[in-house]
1. Restrict the check to segment 68-91 and report whether at least one residue is open to solvent by 10 Å² or more (accessible area, probe 1.4 Å), assigned to a loop (DSSP other than H, G, I, E, B) and small (Gly, Ala, Ser).
2. Check segment 94-114 and report whether any residue there is out of contact with any strand residue (DSSP E or B) (no Cβ under 7 Å at 6 or more places or on another chain), open to solvent by less than 60 Å² (accessible area, probe 1.4 Å), without any contact (Cβ under 8 Å) to a residue 12 or more places away in the chain and assigned to a loop (DSSP other than H, G, I, E, B).
3. Does ASP254 satisfy the condition of being surrounded by fewer than 15 Cβ atoms within 10 Å (Cβ to Cβ) and either modelled with pLDDT of 95 or more or basic (Lys, Arg) (or both)?
4. Only one of these is assigned to a helix (DSSP H, G or I), among the aliphatic types (A, V, I, L, M) and more than 17 Å from the chain's Cα centre (by Cα): ALA196, ALA212, ALA247, ALA182. Name it.
5. What number of residues within segment 68-84 are touching a Ser or Thr at 6+ places or on another chain (Cβ under 7 Å) and closer than 20 Å to THR168 by Cβ?
6. Pick from segment 1-48 the residues that are over 20 Å from ASP94 (Cβ atoms), modelled with pLDDT under 80 and hydrophobic (A, V, I, L, M, F, W, C): which of them is surrounded by the fewest Cβ atoms within 10 Å (Cβ to Cβ)?
7. Scan (1) closer than 23 Å to GLY70 by Cβ; (2) surrounded by fewer than 14 Cβ atoms within 10 Å (Cβ to Cβ) for the single condition ASP181 breaks and write down its number.
8. Looking only at residues that are of a type in the set (S, T, N, Q) and touching a strand residue (DSSP E or B) at 6+ places or on another chain (Cβ under 8 Å) in segment 144-197, which one is nearest to PRO114 (Cα to Cα)?
Amino acid sequence: MGSIAISGARLRVNDREVQRNGPFQRTYLAEGDSWMDMSAWNQGSLPEYLARDFNRDGKNNLIVNIATSGHTLTRIVDMMNDDLVWWLRQDTYDGILFSAGGNDFIDAALDPAPGQGLLVDCRSIAPPADAAACIRPGALANLIGYLNTNFGAIHRAVRTSGKNKATTIYLNCYDTATARDAPAIRNLSGPWLFTAYVKNGIPRHLWADLTALLFARIKETIQGWAAGHSGVQLVATTGLLTPADPASTGDSGDWVNEIHPNPSGWRKQVKAWRAVLPA
């Protein structure tokens, strides 16, 4: 017996591991992005470290993980009927652990052509006065409105799911990263903010303030979801992690790469989640 975190895909193919460890005191469903996803062997995830912490306390809990690294909230909604809704019908969970919104902000800065996304193209204009001047207000407003609509769809799916109509959704609020050349895998995955800032010619002396501002807007957006919907609980994950050295290109502070915690960072995050999850 013991707490485990297992991917939904693995559980659907073979549930013997779950049967060996059950019966469980509590069962959670984890959905979202790379802060929840367990597929990156060298990165870690919240469910993995949460299960370890449950075990240290003698808890016998199950976390079913259907998160996918890199997923935006939009993508989660697009796939909702194929995955999330199916899992909502399988069991009554003690909580839904949800992490989304961060990738949407990062993609809005990273993917579009310079000056066409969230960030101003600073390469051929007078230097911006401050970090706020590096953000396109209309693009930010459109992004937040789009995210609010998509979270509303997630919330409705849970509230109309029958078995989980009263299940609490616990929201990850992330923590403020440091823009730096620290990819997950060189030339394959990241860096993200670093690349977006370089592409848009953001003056380097504004990088720290701009990153803090973007993550503040992410947090405010997620706080709005909790304020505007029933049965939604914020998890106080911000301000917990030791920042990385901006000049570092790998593991630094509580961060394994530019936007993901390392083991010490995950352990700090777990404490915040344990403080609000059912005992």
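The values are calculated or read from the model by the stated rules, or taken from the named source; none is laboratory data. Predicted model, so just to flag it, every value in this text is computed and none were measured. Every residue, glycine among them, receives a Cβ derived from its backbone with ideal geometry; neighbour counts consider all protein chains shown. Please note that ligands, DNA and RNA were not included when accessible areas were found on the heavy atoms of the full protein model with its side chains. Shrake-Rupley method; radii C 1.70, N 1.55, O 1.52, S 1.80 Å.
1. Within segment 68-91, one or more residues are open to solvent by 10 Å² or more (accessible area, probe 1.4 Å), assigned to a loop (DSSP other than H, G, I, E, B) and small (Gly, Ala, Ser).
2. Yes, segment 94-114 has at least one match.
3. no
4. ALA196
5. Residues that pass the stated criteria total 0.
6. In this case the residue turns out to be TRP41.
7. Condition (2) is where ASP181 drops out.
8. THR178
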